1. Under 30 Å from F159 (Cβ atoms), in contact with a helix residue (DSSP H, G or I) (Cβ under 8 Å, 6 or more places away or on another chain) and without any contact (Cβ under 8 Å) to a residue 24 or more places away in the chain - does that describe any residue in the stretch 185-205?
2. Within the stretch 140-190, work out how many residues are among the acidic types (D, E) and either closer than 20 Å to L277 by Cα or crowded, with 19+ Cβ neighbours inside 10 Å (or both).
3. Given the residues S292, S324, which is the only one that is surrounded by fewer than 17 Cβ atoms within 10 Å (Cβ to Cβ), more than 20 Å from L63 (Cβ to Cβ), at pLDDT below 95 and touching a strand residue (DSSP E or B) at 6+ places or on another chain (Cβ under 7 Å)?
4. Does F348 meet the test of being closer than 20 Å to K77 by Cα and aromatic (F, W, Y)?
5. Quick one: which helices (runs of 4 or more DSSP H) sit completely within the stretch 282-384 and have at least 3 residues that are aromatic (F, W, Y), within 30 Å of H238 (Cβ to Cβ) and assigned by TED's automatic domain parsing to the domain that holds S176?
6. When you go through Q137, Q193, Q113 one by one, which is the residue that is polar (S, T, N, Q), surrounded by fewer than 17 Cβ atoms within 10 Å (Cβ to Cβ) and within 30 Å of F251 (Cβ to Cβ)?
7. Could you please let me know if I300 is out of contact with any Phe, Trp or Tyr (no Cβ under 8 Å at 6 or more places or on another chain), at pLDDT 95 or above and surrounded by 18 or more Cβ atoms within 10 Å (Cβ to Cβ)?
8. What's the number of the condition T249 fails, among (1) assigned to a loop (DSSP other than H, G, I, E, B); (2) hydroxyl-bearing (S, T, Y); (3) within 23 Å of Y357 (Cβ to Cβ)?
Amino acid sequence: MKNIFDILNPRDCCGCGACVNSCPTGALSYSMDEYGFYRPQIDNSKCISCGKCSRTCPECNDLPINQPLDVYAAINKDFAVLTRSASGGIFYALAESVIAEGGCVFGAMLDGQFQVKHICVEKIENLPLLQKSKYVQSFIGNSYKIALDKLKNGQKVLFSGTPCQVAAMKSFARESCENLILVEVVCHGIPSQKMFNDYVKNLEKENGTLKEYIFCYKRKILNGMNKFLFYRTERIKHVKNWPQDSYHTFFMESKNYQECCYTCKFARAKRVADLTLCDYWSWENYHRSDFSIGSTVSGICVNTVQGKTALEKILPKLNIAKSSFESLSRHNGCLIMPTTRPLLRNSFMDEWLSKGYPFIENRYKKDSRFRILRSHLLMLLPENLKIWVHGLRHGN
């Protein structure tokens, strides 16, 4: 039978690792392409042409998909949990519920070397490792294998990740899904670990050794919270809005994603996951009486009966309001279609490889100096004035 290299165009590989996990002989292992995205590599001397890799690949196979049954806007009632979360704290409530039942949770963490990777958590006190967004491709390792072993031993498993990673887990588990809860985070696209490493090196050159980094940091305001980038070095602490930072701007402008993100087959209304979580952008237009100004509200798409059951268990922990898919997707386009590929994406990525991160960083600072200044000045406004302006914009 054909292996994954015989049937999958490298441009369509999402680096999910399903093929590596499925190989019974160890013929497949992880490598990185020139841009630093994870890719499989093969040792042909070990390949027995069993075809497991191609049968497991979520890009090569169609999985069952479901139209959302219900859509909600929600936030966690626990302010401490909400503060530690990138959005509304829904993932934490789900994960806490699964662990309380003796289960385990898989998700992405940023380790001490600022590498993003999937890990398994079985204690509630370790859940903060999986909270908050990480704008880097997560290294899966053998997470699917570990999860399947736990499922076969009767343990409940919550697996979280990007839509392609969740689809890979679904494909890998096959029929062993009775105790599996799949929770995806709506994804615009993923930059590579290699680019983030270069960004960190440049940041350390300017500010000293990096000690802490938070992609989505919340700062308390008078009536809710705002989201920022936070990092701490041996010399300084910085809280920035995304236009003040080159890496975050490249991410927000979709310049540094892997190629297949722009044609993602999982960015559509019908989903593989049991539950889809996302930021509920512009929730004020639909739920202004349900949440306070400045709240970081999550959108929840319940796609399966299994997802509905999981959500029902945590309802006492949430402030939740019924919503609609039309309202949620109107401000979150990747619920229905992939991110549009920038025309200059290739030239940008190639320039980074050939000239280095300091070059694209300095050019960004030069070309965007007025946007950076504007963002800096907005951060200096008194919080009560921000609240007032925010209320005017949304008719409150």
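The values are calculated or read from the model by the stated rules, or taken from the named source; none is laboratory data. The shown structure was predicted, so the numbers you read here are calculated from the model rather than taken from an experiment. Every residue, glycine among them, receives a Cβ derived from its backbone with ideal geometry; neighbour counts consider all protein chains shown.
1. No, the conditions are met nowhere in the stretch 185-205.
2. If we filter the stretch 140-190 for residues that are among the acidic types (D, E), which is where we start, we get 149, 175, 178, 184.
Adding the requirement that they be either closer than 20 Å to L277 by Cα or crowded, with 19+ Cβ neighbours inside 10 Å (or both) leaves 184.
Looking only at that region, the number is 1.
3. On the way: S324 fails: at pLDDT below 95.
Unique residue meeting the criteria: S292.
4. Details: closer than 20 Å to K77 by Cα: no; aromatic (F, W, Y): yes.
No, not satisfied.
5. Details: elements: 284-287, 305-314, 325-330, 345-355, 357-367, 369-380.
Per the criteria, 357-367.
6. On the way: Q137 fails: surrounded by fewer than 17 Cβ atoms within 10 Å (Cβ to Cβ); Q193 fails: surrounded by fewer than 17 Cβ atoms within 10 Å (Cβ to Cβ).
Residue meeting the stated conditions: Q113.
7. Details: out of contact with any Phe, Trp or Tyr (no Cβ under 8 Å at 6 or more places or on another chain): no; at pLDDT 95 or above: yes; surrounded by 18 or more Cβ atoms within 10 Å (Cβ to Cβ): yes.
So I300 does not fit the description; no.
8. For T249, the exception is condition (1).
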